[in-house]
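Working notes, beginning with the structure itself.
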Amino acid sequence: AQSVTQPDIHITVSEGASLELRCNYSYGATPYLFWYVQSPGQGLQLLLKYFSGDTLVQGIKGFEAEFKRSQSSFNLRKPSVHWSDAAEYFCAVGADNQGGKLIFGQGTELSVKP
Amino acid sequence: KAGVTQTPRYLIKTRGQQVTLSCSPISGHRSVSWYQQTPGQGLQFLFEYFSETQRNKGNFPGRFSGRQFSNSRSEMNVSTLELGDSALYLCASSLGPQGASSPLHFGNGTRLTVT
């Protein structure tokens with residue numbers, strides 16, 4: 001069955017510290033991978049996407065993610081977290097033959113300590 | 001360019017009633033997808049429309065339906081509301097028809113509360 005797992009429900013980091021949010025997927029076809037961020041009361045904003053090619057992808061707001069096929073992982077990283085990064089982060093997987101249907105992980109809530 | 005617009009932002013309904021939610025996609029986007037977000041189930045795909053045709057459907061009962069108009073605007077309808085239908089309903093648009101390679105752009109959602 002297709003699934004996305006985000007093992008960490010809640011993470012707290014200090015401002016200025018590095019961040020890594022984990023994402024593992026199970027998907028039969030060649031996956032398209034996404035990270036979205038959601039602030040309270042808002043919709044989802046696309047941070048970055050991976051379709052093919054270079055396994056390290058850069059996104060907005062200084063985020064990057066690395067696709068590791070052997071580990072079925074697509075972890076999100078940021079070298080220095082800002083207080084404004086506090087939000088919920090969702091990893092998602094899709095495929096061309098699935099159109100707009102994405103499978104989302106349960107999300108990781110990020111808190112940032114001053 | 002204006003983003004995805006969902007109306008209304010908040011809605012309170014009573015069990016047994018029906019509700020219609022509206023979504024206006026980004027100009028030029030022809031695909032509209034709907035998602036339900038709840039604390040327990042997370043984000044779940046409802047359905048997708050492209051060029052007025054339903055292209056994909058999630059595992060929701062027939063009480064959930066949708067449609068798309070020729071201007072790509074979309075509506076979703078939930079009939080015979082149940083308490084468990086309380087959720088944030090998110091609409092997303094994309095250029096289409098490239099499938100997942102055309103990323104989704106989400107609206108801010110409609111918060112439906114069923115009492």
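Where a number appears in this text, it was derived from the coordinates with a stated rule and is not lab data. These figures come from a predicted structure and were not determined experimentally. Cβ sites come from the backbone with ideal geometry, for glycine too, and all protein chains shown count toward neighbours.
Points to keep in mind about this one:
- Counted residues, the stretch A:41-79 - those being over 21 Å from A:S3 (Cβ atoms) and in contact (Cβ under 8 Å) with a residue 24 or more places away in the chain: 6
- Any chance B:T20 is among the β-branched types (V, I, T), touching a residue at least 12 places away in the same chain (Cβ under 8 Å) and either part of a strand (DSSP E or B) or within 11 Å of another protein chain (Cβ to nearest Cβ) (or both): yes
- Of the residues making up the stretch A:11-30, not a single one is small (G, A, S), closer than 20 Å to B:L88 by Cβ and surrounded by fewer than 17 Cβ atoms within 10 Å (Cβ to Cβ).
- The listed residue being within 14 Å of chain A (Cβ to nearest Cβ), farther than 15 Å from B:T110 by Cβ and touching a residue at least 12 places away in the same chain (Cβ under 8 Å), out of B:S74, B:S31, B:S79: B:S31
- Of the set (1) touching a Gly at 6+ places or on another chain (Cβ under 8 Å); (2) closer than 27 Å to B:Q41 by Cα, all apply to A:Q45 but (1).
- Residue among A:T55, A:T30 that is among the hydroxyl-bearing types (S, T, Y) and touching a strand residue (DSSP E or B) at 6+ places or on another chain (Cβ under 7 Å): A:T55
- Which numbered condition A:G16 misses (of (1) out of contact with any strand residue (DSSP E or B) (no Cβ under 9 Å at 6 or more places or on another chain); (2) facing another protein chain (nearest Cβ under 9 Å)): (2)
- Verdict on A:Y32 being closer than 19 Å to A:G94 by Cβ, more than 11 Å from chain B (Cβ to nearest Cβ), among the hydroxyl-bearing types (S, T, Y) and in contact (Cβ under 8 Å) with a residue 40 or more places away in the chain: no
- Hey, B:E48 among the charged types (D, E, K, R) and more than 9 Å from chain A (Cβ to nearest Cβ) or not: no
- Of the residues in the stretch B:2-12, at least one is out of contact with any helix residue (DSSP H, G or I) (no Cβ under 6 Å at 6 or more places or on another chain), buried (at least 17 other Cβ atoms within 10 Å of the Cβ), at the interface with another protein chain (Cβ under 9 Å from one of its Cβ atoms) and of a type outside the set (D, E, K, R).
- Here is the figure for the stretch B:82-112: residues that are within 14 Å of chain A (Cβ to nearest Cβ), more than 15 Å from the chain's Cα centre (by Cα) and not aliphatic (A, V, I, L, M) total 7.
- Search result, residues across the stretch A:69-114 that are among the polar types (S, T, N, Q) and within 12 Å of another protein chain (Cβ to nearest Cβ): A:N97, A:Q98, A:Q106, A:T108
- Of the residues in the stretch B:61-70, at least one is surrounded by 14 or more Cβ atoms within 10 Å (Cβ to Cβ), within 14 Å of another protein chain (Cβ to nearest Cβ) and not β-branched (V, I, T).
- If the condition is being over 15 Å from the mean Cα position of the chain (by Cα) and on the phi > 0 side of the Ramachandran plot, then the stretch A:55-114 contributes only A:G99.
- Residue list for the stretch A:35-56, filter: closer than 15 Å to A:A92 by Cα and of a type outside the set (K, R): A:W35, A:Y36, A:V37, A:Q38, A:G43, A:L44, A:Q45, A:L46, A:L47, A:L48, A:Y50, A:F51
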